[in-house]
1. Near LYS369, which lysines are there with a Cα under 22 Å away, not counting those fewer than 8 places off in the same chain?
2. Give the residue list of GluC sites (Glu not before Pro) in segment 52-86 that are DSSP loop and have at most 15 other beta-carbon atoms within 10 angstrom.
3. Enumerate by residue number the GluC sites (Glu not before Pro) in segment 145-220 meeting two conditions: DSSP loop (anything except H, G, I, E, B), and at most 13 other Cβ atoms within 10 Å of the site's Cβ.
4. Roughly what % antiparallel, to the nearest 5, for the DSSP beta bridges in segment 9-179?
5. Taking θ = phi - 60°, what integer Hz values does the Karplus form 6.51 cos²θ - 1.76 cosθ + 1.60 yield along segment 69-86, in sequence order, with x for Gly and Pro?
6. Dipole of the chain (Lys/Arg Cβ +1, Asp/Glu Cβ -1, origin at the Cα centre): which of LEU370, THR327, ALA259 lies farthest to the positive side?
7. Can you tell me how segment 9-179 classifies by the Cα gyration tensor, rounded, prolate or oblate, using a/c under 1.5 as the rounded cut?
8. Express in whole angstrom the spacing between the alpha-carbon centres of segment 286-343 and segment 100-152.
Amino acid sequence: MASFLSPVHVITGEGTLLQVPEQVRAFGSKKVMIYADPGVVKAGIVRKLEDILNDTHIENVVYSEVVPEPPLEAGNKAVQALKDSGADFVIGLGGGSSIDIAKAAAVLANHEGNVEDYLNMSGTRSLTNKGLPKMLIPTTSGTGSEVTDISVFSLESTKDVITHPLLLADVALVDPELTYTLPEKITASTGVDALTHAVESYISIHASPITDTLALDAVKRIGGNIRTAVWHGENQEARKQMSLGSLLAGMSFYNAGVAGVHGLAYPLGGRFKIPHGEANALLLPYVFEEIWPACMQKMGDIAEALGANIEGMSEREAAIAGVKELTHIVHDTGIETSLKAYGVKENDIEQLALDGIKQKRLLGRSPRKLYLNMIRSIYQKAYEGRTSI
Ligand SMILES: [Fe+2]
């Protein structure tokens, strides 16, 4: 059995930001709260949306204090700001943090308690209603957060999530034009994050024919365009393919889940504040070096989707080619490949491994069970920046 969920309405295409007023009106809403981070404000994207709303006489207010890898207090502050604003429609505009905060705020504005009360691992309350209507607009390609029901929060040494179908967007709007000015480094890390969503959901034990179709298409689009998008960001076709790839990967991983790479990236984000995309990219080669023997056919598919010529190869050789292609992408996009560069010390590895193995929700989807000794070895290799395939 497999079930598939996604937002009811997904809008894609260049220039679709202009559709926002029509969508706000469709919900009978009068005042919009826009969640964004200072980077998106600086890039002029918030101004663009404000102008569109002002031109159509829709009252709006901007909350631009969203921080990367938001801690619980940041979530609670954002919820309070929404309650105080009198807004009746929420827009999340930005990378994963802005979108995650918008999702959580829209729902929690209509609930008792704080963000921590609804966390997956330690929360004690359940969501009962969808709160305010919400529209999620990514400015990266990306987190896929616009089509998932997950809000991620940083704890002291790891991360936890609020996850519930009530967090799904009423409208997800993907306008590739919003990614045109994304810097190289963010294009690389968010792009590899999207690729990781695609490959982890493809090999997930919860994959289905629907998610496989979405995931493999996403692997092709991202793999075929990420280098161009990073190094020639003005290439609109590459940007468009990355936006679509990220969206499709998001729809896939929302249903099939992500696994070991994301699970082990969480402690890196929580303890060392390594940005989500960079943490995933750092771990991607090392996690796949451990798990490929448990999903050889699918790794061969990934190799082919990433452009490797697997003709004449054995299933084993093709699977290894898949791992190599993933590693090449991380290297070719200029992302750091060693934890040392982030100030992680060798004697931090044990604690990282102990925190990593607690991510049972994510690790449980891995096709190869990841034991503590394997997790330790993954962090050790990532620390040294040493691939073995
Ligand atoms: Fe991710």
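The values are calculated or read from the model by the stated rules, or taken from the named source; none is laboratory data. This structure is a prediction, so every number in the text was calculated from the model and none was measured. Note that each Cβ is placed from the backbone with ideal geometry, even for glycine, and that neighbours are counted across all protein chains shown. Heads up: the accessible areas ignore ligands, DNA and RNA and are worked out on the full protein's heavy atoms, side chains in. Shrake-Rupley method; radii C 1.70, N 1.55, O 1.52, S 1.80 Å.
1. LYS369 reaches LYS159, LYS298, LYS324, LYS358, LYS360, LYS381.
2. Numbers: sites: GLU59, GLU65, GLU73; in loops: GLU65.
The qualifying sites are GLU65.
3. Details: sites: GLU146, GLU156, GLU177, GLU184, GLU200; in loops: GLU156.
Listed in order of number, the matching sites are GLU156.
4. Numbers: 5 of 26 bridges.
For segment 9-179, the DSSP antiparallel bridge percentage is about 20.
5. Those phi angles translate into 6, x, x, 4, 4, 5, x, 5, 5, 5, 5, 4, 4, 5, 4, 6, 7, x Hz.
6. Checked the options; the winner is LEU370.
7. Values: a/c = 1.69, a/b = 1.45, b/c = 1.17.
Verdict is prolate for segment 9-179.
8. 33 Å
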